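Student: Right, I'll just put the structure down here and ask away after.
The values are calculated or read from the model by the stated rules, or taken from the named source; none is laboratory data. It should be emphasised that the depicted structure is a prediction, and the values quoted were computed from it without experimental measurement. Heads up, the Cβs are rebuilt from the backbone with ideal geometry, glycines too, and the neighbour counts pull from every protein chain shown. Please note that ligands, DNA and RNA were not included when accessible areas were found on the heavy atoms of the full protein model with its side chains. Shrake-Rupley method; radii C 1.70, N 1.55, O 1.52, S 1.80 Å.
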Amino acid sequence: YTVYGDTDSSYFSIACLINDTMSDEDIIKLADELGKKINDSFPQKMKDMFLVSLEQGAIIQAGREVVAKKGIFKDKTKKRYALYVIDDEGKKVSKLKIMGMETQRSDTPKFIQEFLKDCIKLIIQDEGTELELKQKIEDFRDEFFEMDAWKLGSPSRVSKLKESTRLLSEYENGMMAKKPYVYWVVLASINHNRYLEYYKDFDTPPIRDGDKVETFYLDKNDNENNPLHADKVSVSVDMTNAPDWIKILPIDKKIAYNKLVKKKVENVFDMFDWDLNPPENNFNDVIDW
């Protein structure tokens, strides 16, 4: 049966044709035979449907791409899947093929992408269990909360920063009656530039339109470390040496974990209906699952 299909490819399961005595080579050979039979069916099908000759119908051919032992398909209408591939166009391999998942998204930090790939590998390649995945997540959570908070932002790109800065300034100075809508990443970038002015930081470059940034959520009630009472702030992804004022900002690691790890793990594995929640006596007061 067809598992997924789009304009130029289709994945289908042959599990019903496989038994425990078959090796990987046997399965690959079976896939090749099925591919040949599919191509052999095109001439007559094209003749029946489009009134062309058998020779013309034979022009239509499909190429057998990959054979995968296991896979995760998130959506039957969108290209969102992960496969453990054992053969790639006739070449024997052992690798993951991931499309459209959280591991490929630009708003997923690189170290989170690698963690999610390891989780996917554990389940579909290494045949790991629910408990093993849960333990892997718990171990990573411990590492996450030991990291510097200002390295745990959500990446994105800034646009319309100059215009939004002007509109927000006009509103705050009483020149506009209605507060303008400012996208959250843009607002966080405005807060960054305002902190540059507040601390008279002339060494750190301001964020500009088109910059790629990482955004953090702050405790706005921390008067000592967040004097501007900002609820979020961005920093440039190109920043190598963070100034002291960024390092002392009251960044909420709980929100960072929920956005960067919890939700993304759920987005990958939610179809399994597994309990990946942390133990009640472990970080229960920190993580909101």
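Student: Give the number of residues within region 1-28 that are within 13 Å of E65 (Cα to Cα) and either among the small types (G, A, S) or surrounded by 10 or more Cβ atoms within 10 Å (Cβ to Cβ) (or both).
Tutor: Here is the first cut: in region 1-28, the ones within 13 Å of E65 (Cα to Cα) are 8-12, 28.
Of the ones still in play, those that are also either among the small types (G, A, S) or surrounded by 10 or more Cβ atoms within 10 Å (Cβ to Cβ) (or both) are 9-12, 28.
Result for region 1-28: 5.
Student: Which residues, taken from region 67-81, are at pLDDT below 95 and either open to solvent by less than 50 Å² (accessible area, probe 1.4 Å) or touching a Ser or Thr at 6+ places or on another chain (Cβ under 7 Å) (or both)?
Tutor: G71, I72, K74, D75, Y81
Student: Every residue in region 153-175 that is open to solvent by less than 60 Å² (accessible area, probe 1.4 Å), more than 29 Å from V261 (Cα to Cα) and of a type outside the set (A, V, I, L, M, F, W, C), please.
Tutor: Start the filter on region 153-175 by keeping residues that are open to solvent by less than 60 Å² (accessible area, probe 1.4 Å), which leaves 153-156, 158, 161, 164-165, 167-170.
After this cut, where a residue has to be more than 29 Å from V261 (Cα to Cα) as well, the list is 164-165, 167-170.
Passing the criteria: S164, T165, S169, E170.
Student: Inside region 244-264, can you point out the residues that are part of a helix (DSSP H, G or I), of a type outside the set (K, R) and in contact (Cβ under 8 Å) with a residue 40 or more places away in the chain?
Tutor: So the first thing to find is which residues in region 244-264 are part of a helix (DSSP H, G or I), and the list is 244-247, 253-264.
Checking which are of a type outside the set (K, R) leaves us with 244-246, 255-258, 260-261.
Matches in region 244-264: W245, I246, A256, Y257, L260, V261.
Student: Here is a follow-up. Which members of region 107-136 meet the condition of being hydrophobic (A, V, I, L, M, F, W, C), touching a Leu at 6+ places or on another chain (Cβ under 8 Å) and crowded, with 18+ Cβ neighbours inside 10 Å?
Tutor: Here is the first cut: in region 107-136, the ones hydrophobic (A, V, I, L, M, F, W, C) are 111-112, 115-116, 119-120, 122-124, 131, 133.
This time we only want the ones that are touching a Leu at 6+ places or on another chain (Cβ under 8 Å), so: 112, 119-120, 122-124, 133.
Selection gives I112, C119, I120, I123, I124, L133.
Student: With the structure loaded, tell me whether E89 is surrounded by fewer than 12 Cβ atoms within 10 Å (Cβ to Cβ), farther than 30 Å from V261 by Cβ and touching a residue at least 12 places away in the same chain (Cβ under 8 Å) or whether it fails that test.
Tutor: Details: surrounded by fewer than 12 Cβ atoms within 10 Å (Cβ to Cβ): yes; farther than 30 Å from V261 by Cβ: yes; touching a residue at least 12 places away in the same chain (Cβ under 8 Å): yes.
Criteria met by E89.
Student: Can I190 be described as of a type in the set (A, V, I, L, M, F, W, C) and in a helix (DSSP H, G or I)? Quick ask: steps written out before the conclusion?
Tutor: Details: of a type in the set (A, V, I, L, M, F, W, C): yes; in a helix (DSSP H, G or I): yes.
So I190 passes the test.
Student: Still on this model: List, please: which pairs have Cβ atoms under 8 Å, are six or more places apart or on different chains, and start with a residue in region 266-289 that is closer than 18 Å to F115 by Cβ and end with one that is at pLDDT 80 or above and among the small types (G, A, S)?
Tutor: V268/A82
Student: Checking the condition more than 27 Å from the chain's Cα centre (by Cα), at negative phi and either among the basic types (K, R) or at pLDDT below 95 (or both), which residue from N281, N241 passes? Reasoning before the result, please.
Tutor: Working: N241 fails: more than 27 Å from the chain's Cα centre (by Cα).
Criteria check complete, one pass: N281.
Student: In region 176-202, which residue that is among the charged types (D, E, K, R) and within 27 Å of A256 (Cα to Cα) is least open to solvent (accessible area, probe 1.4 Å)?
Tutor: Going through region 176-202, the residues among the charged types (D, E, K, R) turn out to be 178-179, 194, 197, 200-201.
Retained after the next criterion (residues that are within 27 Å of A256 (Cα to Cα)): 194, 197, 201.
Working: R194: 78, E197: 139, D201: 25 Å².
Taking the candidates together, the pick is D201.
Student: Considering only region 137-152, how many residues are over 22 Å from P250 (Cβ atoms) and open to solvent by 10 Å² or more (accessible area, probe 1.4 Å)? Write out each step before concluding.
Tutor: First, the residues of region 137-152 that are over 22 Å from P250 (Cβ atoms): 137-140.
Going one step further and asking which of them are open to solvent by 10 Å² or more (accessible area, probe 1.4 Å), we end up with 138-140.
So the answer is 3.
Student: Further, regarding this structure: Given the criterion out of contact with any strand residue (DSSP E or B) (no Cβ under 8 Å at 6 or more places or on another chain), over 30 Å from V233 (Cβ atoms), in contact (Cβ under 8 Å) with a residue 40 or more places away in the chain and not β-branched (V, I, T), identify the matching residue among K134, K162, K76.
Tutor: Values: K162 fails: over 30 Å from V233 (Cβ atoms); K76 fails: out of contact with any strand residue (DSSP E or B) (no Cβ under 8 Å at 6 or more places or on another chain).
Being out of contact with any strand residue (DSSP E or B) (no Cβ under 8 Å at 6 or more places or on another chain), over 30 Å from V233 (Cβ atoms), in contact (Cβ under 8 Å) with a residue 40 or more places away in the chain and not β-branched (V, I, T) holds for just one of K134, K162, K76, which is K134.
Student: Any residue at all in region 112-123 that's at pLDDT 95 or above and out of contact with any helix residue (DSSP H, G or I) (no Cβ under 9 Å at 6 or more places or on another chain)? Outline the logic, then answer.
Tutor: To start, the set of residues in region 112-123 that are at pLDDT 95 or above comprises 112-123.
Pick out the ones that are also out of contact with any helix residue (DSSP H, G or I) (no Cβ under 9 Å at 6 or more places or on another chain) and you get 121.
Within region 112-123, one or more residues are at pLDDT 95 or above and out of contact with any helix residue (DSSP H, G or I) (no Cβ under 9 Å at 6 or more places or on another chain).
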